[in-house]
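Below is one structure, written out as structure tokens; comments come after it.
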Amino acid sequence: MEEYLGNEDLLDRYLVAFFASRASTEEATERALRWAEDICQTDKVVISGFHSPLENEVLRILLEHKHPVIIALGRALYKR
């Protein structure tokens, strides 16, 4: 069963998925955070679960810039 909450028009825009491991190197973290700053200069919508620490940090940057995001809840989290 699919459920949507929010602006469904975002689904029709160019989507970019962002996923990161729970553990990441300092270099990977820095690159991801630079990427988040750069993506805020585009009209692309970022979709992710935003579960891992790095994904959370990227989400913080996106929200600070009021950049559109789609948060996809994991099934295990959705059931809780």
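The values are calculated or read from the model by the stated rules, or taken from the named source; none is laboratory data. Model, not experiment: these values are computed from the prediction. Glycine also receives a Cβ, built like all others from the backbone with ideal geometry; neighbour counts cover every protein chain displayed. We work out accessible area using only protein heavy atoms, side chains counted, and drop any ligands, DNA or RNA first. Shrake-Rupley method; radii C 1.70, N 1.55, O 1.52, S 1.80 Å.
Brief remarks on what is shown
- Computed over protein heavy atoms with a 1.4 Å probe, the carbon and sulfur contribution to the accessible area of the chain reaches 52%.
- Per residue, the accessible area of the chain comes to 76 Å², computed with a 1.4 Å probe over protein heavy atoms only.
- Spacing of the two label points (7 Å from each Cα toward its C-beta) at C40 and T25, in nm: 2.6
- In the stretch 12-61, the chymotrypsin sites (Phe, Trp or Tyr not before Pro) that fall in loop regions by DSSP, at most 13 other Cβ within 10 Å: Y14, F19
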